[in-house]
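A.B. asks: Sharing a structure, written as structure tokens. Questions coming.
The values are calculated or read from the model by the stated rules, or taken from the named source; none is laboratory data. What you are looking at is a predicted structure, and each value in this text was computed from that prediction instead of being measured. Ideal geometry is used to build each Cβ from the backbone, glycine not excepted, and the neighbour counts take in all protein chains shown. Ligands, DNA and RNA are stripped out before the accessible areas are found, and what is left, the full protein with its side chains, is counted by its heavy atoms. Shrake-Rupley method; radii C 1.70, N 1.55, O 1.52, S 1.80 Å.
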Amino acid sequence: MATSSARAANGVLQVGPLHPTVERELTTLGARRLPDGPDAAQFLAAQGEHVTVVVTSGGTGVDAGLMAALPKLAAIINFGVGYDATDVDAARARGVALSNTPDVLTDCVADIAVGGLIDAVRGLSAADRFVRRGEWADGGRFPLMTRVTGMRVGILGLGRIGLAVARRLEGFDARISYHSRNQVAGVSYAYAATPAELARDADAVIVTTPGGAATRGLVSAEVLDALGPRGYLVNVARGSVVDEQALVAALSAGRIAGAALDVFEAEPQVPAALMDFDSVVLLPHIGSGTHETREAMAQLVLRNLQQFLTDGTLVTPVRL
Ligand code: 8YV
């Protein structure tokens, strides 16, 4: 980075762990890092007033308390497309700019959505466990599962990732429908007016909508019941979008067939009840987790930082 940028970088604060490429560059720039635990308060009392830019991740974010301790904060650079861990209302009210990392992770997250769907519906992980337990060798037969090709798939949130999922599923002759807050122009997929309507006419619902207050609990008990006992739920968005208790209840009662979940309400904690279902695929939030994509996200974070330090604008700003 240019020397002028490096000088301005004195006001940069790293909040939470970040990709090694980002951490390396922040160290080179002489950025500070918010200490973990009780030392954070002391650090903020002494240094908070000097911080102008925070670099954080979707898993950590900047909550209202931290924002209040940073009176000169001008920008939050978020590693991740989702920024629901950051208090966007407080950022908007304060005029703090925010960037995220859209597009570069779309393909990898869509891959995991489709992979999760196939895994849950055909029972790949369950079949793997069956073989490892020696049940096949002992003469057992893995149960017949459901056909993926030609399924009716409802996509909840037809943004970049939802569209990438839909495009992939066209290759499986899926009959695709979607629900989004607004109808999407230029697509031929059927529009459902509500999540329940989407679920009622689908064999699987794939959740690709952003997290945050507006979508909390969108996949409710009612939506799960509409999906029905032969229906599957795939969530690669945010755990908050699904009512997890309702999901456990629906799975326990056989009111839905199964699920593939990459995200959870209280990550990295996964409800113990979910561990007991062979029909549920549990993933540790790996949607964007490839070398290629995480490096691309890191580079986009650094481009946002550099541009902000240079001219006060962002490459991929979030419209707050
Ligand atoms: C990241 C994600 O793992 O981009 C997102 O919103 O959920 C994932 O790609 C996460 O944000 C990194 O903290």
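A.B. asks: Output the residues belonging to the stretch 69-89 that are among the acidic types (Asp, Glu) and either within 11 Å of the ligand (Cβ to nearest atom) or outside the structural domain of VAL12 (by TED's automatic domain parsing) (or both).
C.D. replies: ASP84
A.B. asks: Among the residues of the stretch 294-313, what is the count of those that are within 14 Å of VAL12 (Cβ to Cβ) and among the aliphatic types (A, V, I, L, M)?
C.D. replies: The qualifying residues number 4.
A.B. asks: Take the residues in the stretch 92-137 that are surrounded by fewer than 22 Cβ atoms within 10 Å (Cβ to Cβ) and of a type in the set (S, T, N, Q), then tell me which one is nearest to the chain's Cα centre (by Cα).
C.D. replies: Residue satisfying both the conditions and the ranking: THR106.
A.B. asks: Could you give me the residue pairs with C-beta distances under 7 Å whose first residue belongs to the stretch 219-243 and is free of Cβ contacts under 8 Å to residues at least 60 places away in the same chain and among the charged types (D, E, K, R), whose second residue is buried (at least 24 other Cβ atoms within 10 Å of the Cβ) and assigned to a strand (DSSP E or B) wherever it lies, and which are 6+ apart or on separate chains?
C.D. replies: Close Cβ pairs (under 7 Å, with a partner that is buried (at least 24 other Cβ atoms within 10 Å of the Cβ) and assigned to a strand (DSSP E or B)) amount to ASP243/VAL219.
A.B. asks: State all residues of the stretch 155-171 that are in a helix (DSSP H, G or I) and crowded, with 19+ Cβ neighbours inside 10 Å; if no residue qualifies, say none.
C.D. replies: ILE161, GLY162, LEU163, ALA164, VAL165, ALA166, LEU169
A.B. asks: Looking at ALA296 and the list (1) open to solvent by less than 10 Å² (accessible area, probe 1.4 Å); (2) within 16 Å of the ligand (Cβ to nearest atom); (3) in a helix (DSSP H, G or I), which single condition is not satisfied?
C.D. replies: Checking ALA296 against (1) open to solvent by less than 10 Å² (accessible area, probe 1.4 Å); (2) within 16 Å of the ligand (Cβ to nearest atom); (3) in a helix (DSSP H, G or I), the one that fails is (1).
A.B. asks: Here is a further query. Looking at VAL248, VAL281, which one is away from the ligand (no atom under 16 Å from the Cβ), among the β-branched types (Val, Ile, Thr), in a strand (DSSP E or B) and open to solvent by less than 40 Å² (accessible area, probe 1.4 Å)?
C.D. replies: VAL281
A.B. asks: A further question follows. Collect the residues in the stretch 41-68 that are more than 27 Å from the chain's Cα centre (by Cα) and not aromatic (Phe, Trp, Tyr), keeping them in residue-number order.
C.D. replies: Once the filter is applied, which keeps residues that are more than 27 Å from the chain's Cα centre (by Cα) and not aromatic (Phe, Trp, Tyr), the stretch 41-68 yields ALA41, GLN42, LEU44, ALA45, ALA46, GLN47, GLY48, GLU49, HIS50, VAL51.
A.B. asks: If I filter the stretch 98-120 for residues that are part of a loop (DSSP other than H, G, I, E, B), away from the ligand (no atom under 16 Å from the Cβ) and at pLDDT 95 or above, do I get at least one hit?
C.D. replies: Within the stretch 98-120 (the criterion being part of a loop (DSSP other than H, G, I, E, B), away from the ligand (no atom under 16 Å from the Cβ) and at pLDDT 95 or above), the answer is no, since none of the residues qualifies.
Let's see how each residue does on (1) assigned by TED's automatic domain parsing to the domain that holds GLY157; (2) over 29 Å from THR86 (Cβ atoms); (3) among the aromatic types (Phe, Trp, Tyr):
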site: GLU222; (1), (2), (3): yes, yes, no
site: ALA226; (1), (2), (3): yes, yes, no
site: VAL236; (1), (2), (3): yes, no, no
site: PRO268; (1), (2), (3): yes, no, no
site: ALA296; (1), (2), (3): no, no, no
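A.B. asks: Looking at LEU198, is it out of contact with any Pro (no Cβ under 8 Å at 6 or more places or on another chain) and either in contact (Cβ under 8 Å) with a residue 40 or more places away in the chain or over 25 Å from TYR83 (Cα atoms) (or both)?
C.D. replies: In short, yes.
A.B. asks: Kindly establish whether GLY150 is assigned by TED's automatic domain parsing to the domain that holds ALA259, in contact with an Asp or Glu (Cβ under 7 Å, 6 or more places away or on another chain) and exposed (fewer than 14 other Cβ atoms within 10 Å of the Cβ).
C.D. replies: yes
A.B. asks: While we're looking at this one, here's another question. For the stretch 67-91, which positions are part of a helix (DSSP H, G or I) and open to solvent by 10 Å² or more (accessible area, probe 1.4 Å)?
C.D. replies: ALA68, VAL88, ASP89, ALA90
A.B. asks: Can you name every residue in the stretch 217-245 that is crowded, with 24+ Cβ neighbours inside 10 Å and not in a loop (DSSP other than H, G, I, E, B)?
C.D. replies: Within the stretch 217-245, VAL219, VAL223, LEU224, LEU227, TYR232, LEU233, VAL234, ASN235, VAL241, VAL242 meet the criteria.
A.B. asks: OK, next. Filtering the stretch 10-42 down to residues that are free of Cβ contacts under 8 Å to residues at least 60 places away in the same chain and aliphatic (A, V, I, L, M), which residue is most open to solvent (accessible area, probe 1.4 Å)?
C.D. replies: Per the criteria, the residue is ALA41.
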